[in-house]
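Report on one structure; see the data block that follows.
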């Protein structure tokens, strides 16, 4: 009986106490998450995913898919990181191009340029 308690204790020791999560613990958590998904237990899924998020993804194809599915169900699809500086540069370039195009439209056909709401706003600024 002591061995069983010892095995349970070792399996569920908090990750803060371990340098890396053991493969046995990670695989156990993945299995718990899979079972929780079948019963739609979102609280358990999020709890387990919170423990798994910093763990190394398993090399095994099936366990890897279960790992990904657990994190996907818990957190949703990950949003890609955005390079703010690059995004601002693109916006400024697009605004300049829009202004230049509206100026060209104003030269070619003033009535259409003024009646176009986008060009009207751009030209009046």
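The values are calculated or read from the model by the stated rules, or taken from the named source; none is laboratory data. If you're wondering where the values come from, they're calculated on a predicted model, not measured in any experiment. Cβ atoms come from the backbone with ideal geometry, glycine included; neighbour counts cover every protein chain shown.
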>> Out of the residues in the range 40-60 meeting the condition of being under 16 Å from the mean Cα position of the chain (by Cα) and part of a helix (DSSP H, G or I), tell me which one is nearest to residue 27 (Cα to Cα).
In response: 52
>> Testing residue 107 on (1) surrounded by fewer than 10 Cβ atoms within 10 Å (Cβ to Cβ); (2) in a helix (DSSP H, G or I); (3) modelled with pLDDT under 85, one condition comes back false. Which one is that?
In response: (3)
> Given (1) out of contact with any helix residue (DSSP H, G or I) (no Cβ under 6 Å at 6 or more places or on another chain); (2) at pLDDT below 90; (3) in a helix (DSSP H, G or I), where does residue 113 come up short, assuming only one miss?
Replying inline: (1)
> With respect to residue 49, is the statement that it is in the same structural domain as residue 25 (by TED's automatic domain parsing) and touching a residue at least 40 places away in the same chain (Cβ under 8 Å) true?
Replying inline: no
